[in-house]
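Contents: one structure, followed by commentary.
Nothing in this text is a laboratory measurement; each read-out follows from the coordinates by a stated rule. Because the structure is predicted, anything quoted here is derived from the model rather than measured. All Cβ positions, even for glycine, are placed from backbone atoms using ideal geometry, and neighbour counts span all protein chains on display.
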Amino acid sequence: MSVTYDFTGKVALITGSSGGIGAGIAVQLAQSGASVVVTGRNADKVAEVAKQCLNVSPKGVKPLEVLADVTKREDLRRLVDQTIGRFGKLDIVVNNAGALFFGTITDHNFYDNYAKTMSVNLDSVVYLTHICVEYLEKTNGNIINISSMASKRTVRNVSAYCMAKSALDMFGQCMAAELGPKRIRVNTINVGYIPTGIYESSGVSRDSVEAYTELYRQRLPVGREGRPIDVAQAVHFLASDHATFITGANLVIDGGDLAANTCLDHLS
Ligand code: NDP
């Protein structure tokens, strides 16, 4: 039996919703009646996910499509302005856009990759939160940050990513405390391995991703790899009126990886 919360009349902005986990979240919220903002840098992918959202929307609410690079403040400002321009309000922000850059501290380009990692995974979230609070306050809205289990243990050759996600976890808790009086909830999801495009985008071969996924199937307590819908369903709940007592939480969604310590050597 699938559980459905009613998001009719709610406006949800999901960064990085042109693919992977973010697309799954956008479709799930659209299916529950939300007006969704689909955004990313790739126009074709944004259009494709927006089409999927429209197809499942019970009242045929057309998503807003916005091309934006989350590392650019002016793009984030335009993203919010266009959202308010189209829908007049904002109820839910899912900070999902993220990227991985593999490398070690001695690499000649380590610091450049460190800066890019912080910019995409952390700075963008801080800035978007900063400019969204005034709207979320009006709707008693909520924020969900998509973090990683990499914030909770080291993962080889992605130290900057581990640090960015670790800081993101703390940012979520600080914001839950700070924004509580404004009746804005802030929660964090720590995602485990899910075979999306994030690995190939960072230079990992498809064969390595497939081999890694097979290892996860064998070793994870749940006996299968994670899927975007696993995260989307959790966002669905946390963003809903059924979770109004939940703020400052970190929800681990990793098929039991952390608990069973099935950490595998990673993909680089
Ligand atoms: P994908 O690479 O599949 O999707 C990433 C999304 O983010 C795309 O829609 C991409 O859009 C967007 N994006 C990336 N960089 C930018 C940017 N500079 N500006 C705007 N949009 C951007 O990754 P996942 O779906 O796997 O990852 C989603 C989140 O989940 C990330 O925060 C990631 O760190 C986290 N996560 C993922 C795990 C996994 O195993 N997959 C594990 C733990 C956490 P476009 O290409 O159109 O710009």
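Before moving on, here are some points about what is shown:
- Inter-label distance, nm, simple model (7 Å from Cα along the C-beta direction), residue 42/residue 205: 2.1 nm
- The loop-placed trypsin sites (Lys or Arg not before Pro) in the range 33-68, going by DSSP, that have at most 13 neighbouring Cβ atoms within 10 Å of their Cβ come out as 59.
- Distance in nm between pseudo-label sites at residue 8 and residue 86 (7 Å out along the Cβ direction from Cα): 2.2 nm
- For the chain, the Cβ-based charge dipole about the Cα centre amounts to some 500 debye (Lys, Arg positive; Asp, Glu negative; other atoms uncharged).
- Our estimate of slack between residue 111 and residue 237, defined as 0.36 nm per intervening residue step minus the Cα-Cα distance, is 41.6 nm.
- Gyration tensor (alpha-carbon) shape descriptor, the range 11-254, a/c threshold 1.5: rounded
- Convex hull projection area averaged over all views, the range 1-93, Cα basis, nm²: 5.6 nm²
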